[in-house]
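Comments concern the structure below.
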Amino acid sequence: MRLETLNEGAAKTAVRGETATRWLSRALVSDTSAAYAFVAPAFFLLLFLVAYPFVLSLWFSLSDARVGETGSFVGLDNFRRLLGSSIFIQTLQNSMVFTAAALGLKTVLGMALALLLFRVARFKRLIRGAVLLPFIVPTALSTLVWWWMFEPMYSVVNWTLKSLHIVNHDIPWLPDPYLAMFTVILVNTWRGLPFFAITLLAGLVSIPRELYEAAESDGAGPVGRFWHVTLPLLQPVLAVVILFSAIFTLADFNIVYVLTKGGPMNMTHLFATYSFALGLQSGQVGQGAAVSLFLFPILLGVVFVQLRLVRQSTTL
């Protein structure tokens, strides 16, 4: 009798276990289905907004399409023609100089501003919010203000410099090719500086104070603490910030188009503005698409190098 009771109990336990297993498997299946259902809208949105335009741009770059004409397949002729174009070579050089200079300035000034904000005690929320203003204001609107400040005839910058007796003549900020590139880099730096400063500030806040106290007890001064404590611990954050900023800077359009439209003498043309000028203003859709696709391997290389640096800095 006792043996039968034990067998019945074991059977009931086995049934309960099997029921629980079936319920768990159903829950997992339903959770997986729900996860796919939640991800699906974002996936189709990316497919529609990224994948489809990319494939269409790839087709245009391999054709002689013009505005209003579908064109025919020409292979790599558009790319060969661009590599033989002095304007495209100038655009490539401009993009490299513009990106390197703007990234360097944003990195150095962003780090300095982050360290300054880290030490601010009073009104820190108000000050940090004010620092974000250049990043919040629409790019075209803020760049239009900068254009007015550097406009040759009514430049408030020239008026201020002459009033302070720093210069005695108007400086051609935008008509001069080299000053125009300097102005474009300056505005891009001003625009991207808050992104660097606030992100690096978040990294600074996460560094334990005990590390600074230990370094100070070992005799390290402010410079030593920065080089041996702050900078190594900020490397992962800094690498990610530089990665995103490099992508945004290389693909910049609004600032250059509003200020100079790629001039004077094509000295400020970047990939985006030159692609726009060829593809839409000149109607050569195929060549415009080829210019934009030249940017793709460059961005891919930047992302690959930066991700390797991030991985190395996080494994140290």
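A compact table of results
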| read-out | value |
| --- | --- |
| Criterion violated by LEU259 - all others in (1) surrounded by fewer than 19 Cβ atoms within 10 Å (Cβ to Cβ); (2) under 29 Å from LEU200 (Cβ atoms) satisfied | (1) |
| Test: GLY129 is among the small types (Gly, Ala, Ser), in the same structural domain as LYS261 (by TED's automatic domain parsing) and at pLDDT 85 or above | no |
| Selected residue (criterion: surrounded by the most Cβ atoms within 10 Å (Cβ to Cβ)) from residues of segment 169-197 that are touching a helix residue (DSSP H, G or I) at 6+ places or on another chain (Cβ under 7 Å) and over 30 Å from LEU238 (Cβ atoms) | TRP173 |
| Unmet criterion (only one of (1) at pLDDT below 90; (2) within 25 Å of PRO264 (Cα to Cα)) for GLU69 | (2) |
| Failed condition for SER155, given (1) closer than 17 Å to VAL258 by Cβ; (2) buried (at least 16 other Cβ atoms within 10 Å of the Cβ); (3) within 29 Å of the chain's Cα centre (by Cα); (4) touching a residue at least 12 places away in the same chain (Cβ under 8 Å) | (3) |
| Filter pass, ALA220 being in contact with a helix residue (DSSP H, G or I) (Cβ under 7 Å, 6 or more places away or on another chain), within 29 Å of VAL184 (Cα to Cα) and small (Gly, Ala, Ser) | no |
| Failed item in (1) farther than 13 Å from GLY192 by Cβ; (2) touching a helix residue (DSSP H, G or I) at 6+ places or on another chain (Cβ under 8 Å); (3) crowded, with 16+ Cβ neighbours inside 10 Å, with ARG128 passing the rest | (3) |
| Matching residues in segment 149-169 - criterion: being over 24 Å from PHE195 (Cβ atoms), of a type in the set (A, V, I, L, M, F, W, C) and in contact with a Phe, Trp or Tyr (Cβ under 9 Å, 6 or more places away or on another chain) | VAL156, VAL157 |
| Single match in TYR36, TYR52 (criterion: modelled with pLDDT under 85 and either within 22 Å of SER292 (Cα to Cα) or not in a helix (DSSP H, G or I) (or both)) | TYR52 |
| Per-region count, segment 262-293, residues surrounded by fewer than 20 Cβ atoms within 10 Å (Cβ to Cβ) and of a type in the set (S, T, N, Q) | 3 |
| Residues (closer than 25 Å to VAL305 by Cα, of a type outside the set (A, V, I, L, M) and either part of a helix (DSSP H, G or I) or not assigned by TED's automatic domain parsing to the domain that holds SER142 (or both)) located in segment 241-256 | PHE244, SER245, PHE248, THR249 |
| Among (1) loosely packed, with under 12 Cβ neighbours inside 10 Å; (2) without any contact (Cβ under 8 Å) to a residue 24 or more places away in the chain; (3) not β-branched (Val, Ile, Thr), the one test that LEU133 misses | (2) |
| Some residue of segment 163-176 being closer than 13 Å to VAL256 by Cα, in the same structural domain as GLY262 (by TED's automatic domain parsing) and touching a residue at least 40 places away in the same chain (Cβ under 8 Å) | yes |
| Count - residues of segment 261-304 that are β-branched (Val, Ile, Thr) and not in a helix (DSSP H, G or I) | 1 |
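The values are calculated or read from the model by the stated rules, or taken from the named source; none is laboratory data. Fair warning: this is a prediction, and the values are worked out from it, not measured in the lab. With ideal geometry, Cβ positions are generated from the backbone for all residues, glycine too; neighbour counts draw on all protein chains shown.
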